[in-house]
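Scroll down for the structure; my scribbles are underneath it.
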């Protein structure tokens, strides 16, 4: 099966790739409602403040289309091992969410994920069972999503949504959408909604009515307040078939590996 264009990242730059799945079918994979990686967040949340019996109402937040951040991309080919993600997580954010014992990262297969502020400081995540987490945000605060591939040899694709919107395409979030690919032992920072091959619009917490979801064709204000992530392992890249160079003496550098 074929998938639409995919993004990948390697340390200092992001690569946009065309992801092709298994089989000979050429039509894009269709996603059922169960394939959506974005869940509707419920609000307001009722939380225990400071461990007391009193209840404090938490205000629901969304993520708005923020300022421009430079982020360049190119393209390459990659292949998913499976059309089903090996790991998924949802992060529900608000001004005062339900809290448990905090953690600073989420384990998604061999991928470690963090939510960071603009200065790369880890924001606390509170596990809530079934790979669901809560996160405290503040209106106007900028945040970014950080991923590290802990595997020495396996590459992964990360498909991410914010408020039900795919962060790359701006379309409704689904596992069939394009995503970022992380090479072994490299990191990825998603700082915003992708605007072009050179820029993203920063993630900033906002009131739901000011969110990107509330002001885009594919968005729905009822989906604000949640970040969704799905992870796919990728097959190793296969070198191209070897072909004799017509004028090898004209080549200044050694050619890349090929299959004989």
remark   = Counting only residues that are part of a loop (DSSP other than H, G, I, E, B), more than 11 Å from the chain's Cα centre (by Cα) and within 22 Å of residue 83 (Cα to Cα), segment 147-177 contains a total of 11
Index of the failed condition, residue 193 passing every other in (1) under 25 Å from residue 107 (Cα atoms); (2) more than 16 Å from the chain's Cα centre (by Cα) = (2)
Residues of segment 147-166 satisfying the condition of being out of contact with any helix residue (DSSP H, G or I) (no Cβ under 7 Å at 6 or more places or on another chain), within 18 Å of residue 227 (Cβ to Cβ) and crowded, with 19+ Cβ neighbours inside 10 Å = 147, 156, 157, 158, 159, 160, 161, 162, 166
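Within segment 61-76, count every residue that is assigned to a strand (DSSP E or B) and under 30 Å from residue 236 (Cβ atoms). Break it down into steps so the answer makes sense when it comes.
Let us first name the residues in segment 61-76 that are assigned to a strand (DSSP E or B), namely 62-70, 73-76.
Filter once more, keeping what is under 30 Å from residue 236 (Cβ atoms): 73-76.
Number of matching residues: 4.
Readers should treat all values here as calculations from the given coordinates under stated rules, not as data from a laboratory. Model, not experiment: these values are computed from the prediction. Cβ coordinates were reconstructed from backbone atoms using ideal geometry, including for glycine residues, and neighbour counts include every protein chain displayed.
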